[in-house]
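J.: Have a look at this one.
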Amino acid sequence: MRSIRNVLNAVILAGSILLAYSCTTGACFDETTAYMKASLFLNSTGKQTAPDSLSLWGAGMDTSKIYNSQKNLKQALVPLDASSGSCSFIIKISGVYDTLSAWYSTYPHLLSKDCGYTFYHNIDSLHTTNHKIVKISITKNSVTTLSEENIRIYY
Amino acid sequence: MSSTGELMAQKPAATEPPDTVTIPLAIRAGVDISGPVIYLTDKNNLTVEGYLSADLNEKRSLFLGGGYSNYKYSQYNYSYVTNGFFIKAGVDFNLMKPQTAKGKYWAGVGLHYGLSSFSYEIPELSHDNYWGTTTASLPSQSLWSHFIEASPGFRAQLFGNVTIGWSISLRKMIYSGGGKDIRPIYIPGYGLAASSFSSGINYYIIWNFRYKTIKVLIKKDQPEEPEEETTPSTNTGSGNMQNLEP
């Protein structure tokens, strides 16, 4: 009787573990888009400073703005076009327009089983007009979902 | 030696258990039934697995296992297909006392090394962002992975040469074969590759083919001597010491 009870206990334990194992489901809570992180610096002071207002949208996508007269923004999250090797943005800092262009390579990256794949980028080069923007620089080429600055915009 | 042991066992047979126990050594062939059962409820996950083991003695067995996995997964933004073979080799340790196990029961742990050869493919993946939806696919890639496994479990003889049992598998990845960006999410024989640790459970039906019997000496538990018997000897010792004193 005792051995049967031990076997039953073992079976119940094994069944519980199997049940817990089989019922493990996941959901995606991670950042799934790799943004190019652009920090904004005031050229005269060299310090990271939010402009009075900032608007940003993709060239040819005037009706869909990424930022619209945003205030207190020290770092802009700029989405790159994964289906193209380059893209351009219209950036309006304190009412003055500039065009920012980026050239890059794109590759898929597995985030996790639950989140699936996203696209990472490697920035090759940047170009900007200089109406308000004084200069730009690349601080980290690889654009990932991590919170790492990629470029600096001095205005 | 054994005849002496038998004689010694026969002499006090009326009052004491024998000093040796006969243990059959067997070659075992086991088939896992949990994989096909899971497949009945989840047609995207098929694993067929089995093993062979050969008893070296009453405690240790050589283990050689293997199987095939076909795993599919899809969700709103990608689909994943993998299939491949795996083998595991190692030693199983029976932790039961021979007089309890009697060659019929096994409660112990197996320590195995696993090697998986598989291919995987992402037929479609998509990602949405500000610019719209980007789609892609990744062609089939072949990889090798390897891992180690500890398998505690229990087996009991059901009837004749048939044994049933289960084991829990606790696995630690050594090398998944994948890169930093593109890597497998499921590895045959290992399971989900998201973590460097995975677990699973197997239920086995096992056929035993006995090839030899051995006699194993039983370690008898020494009966505790009552304090009343030890006290006089201590007293005797101290008495001797006292005798040595002038």
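J.: Work through the residues other than A:S101 whose Cβ is under 12 Å from its Cβ and net out their charges, Lys, Arg +1 and Asp, Glu -1.
T.: On the way: positive: none; negative: A:D81, A:D98, A:D124.
So the surrounding residues net to -3.
J.: Let me ask another. What is the sum of charges, Lys and Arg at +1 and Asp and Glu at -1, for the other residues whose Cβ falls under 12 Å from the Cβ of B:G66? The partial results should precede the final answer.
T.: On the way: positive: B:K88; negative: B:D32, B:E49.
Local net charge: -1.
J.: Take the alpha-carbon positions of the stretch B:20-219, form their convex hull, and give its projected area averaged over all directions (one quarter of the hull surface) in nm². Before the final figure, lay out the partial values.
T.: Working: hull surface 50.0 nm².
Orientation-averaged projected area of the Cα hull: 12.5 nm².
J.: A further question on this structure: Express in nm, to one decimal, how much length is gained between A:L42 and A:D30 on full extension, taking 0.36 nm for each residue of separation and deducting their alpha carbon distance. Could the numbers behind the result be given before it?
T.: Numbers: separation 12, 0.36 × 12 = 4.32 nm, distance 3.19 nm.
Taking A:L42 through A:D30 to full extension adds about 1.1 nm, to one decimal.
J.: Given a Förster distance of 60 angstrom, what is the FRET efficiency for B:N57 paired with A:S86, based on the Cβ-Cβ distance and rounded to 0.05? Don't skip to the answer; put the middle values down first.
T.: Numbers: r = 70 Å, r/R0 = 1.17.
Efficiency at R0 = 60 Å is approximately 0.30.
J.: Which net charge results when you count Lys and Arg as +1 and Asp and Glu as -1 among the other residues whose beta-carbon is under 11 Å from that of B:G35? Don't jump to the answer; show the numbers that get you there.
T.: Details: positive: none; negative: B:D32, B:D42, B:E49.
Around B:G35, the charge tally is -3.
J.: Rounded to the nearest 0.05, what FRET efficiency do B:Y68 and B:I33 give with R0 = 22 Å and r taken as the Cβ-Cβ distance? Could you check?
T.: Values: r = 15 Å, r/R0 = 0.69.
It comes out at approximately 0.90.
J.: Taking loop as defined by DSSP and a crowding limit of 10 other beta carbons within 10 Å, which trypsin sites (Lys or Arg not before Pro) in the stretch B:19-82 fit? If you can, show how the numbers build up before the last one.
T.: On the way: sites: B:R28, B:K43, B:K59, B:R60, B:K72; in loops: B:K43, B:K59.
Qualifying residues, ordered by number: B:K43.
J.: Treating the stretch A:35-154 as a set of equal point scatterers at the Cα positions, no solvent, please give the Debye-formula log₁₀ I(q)/I(0) at q = 0.14, 0.22 Å⁻¹.
T.: -0.58, -1.33
The numbers here are math on the coordinates, done by the rules we state, and not lab data. Quick caveat: nothing in here was measured; it's all calculated off a predicted structure. Every residue, glycine as well, gets a Cβ built from its backbone with ideal geometry; the counts of neighbours run over all protein chains shown.
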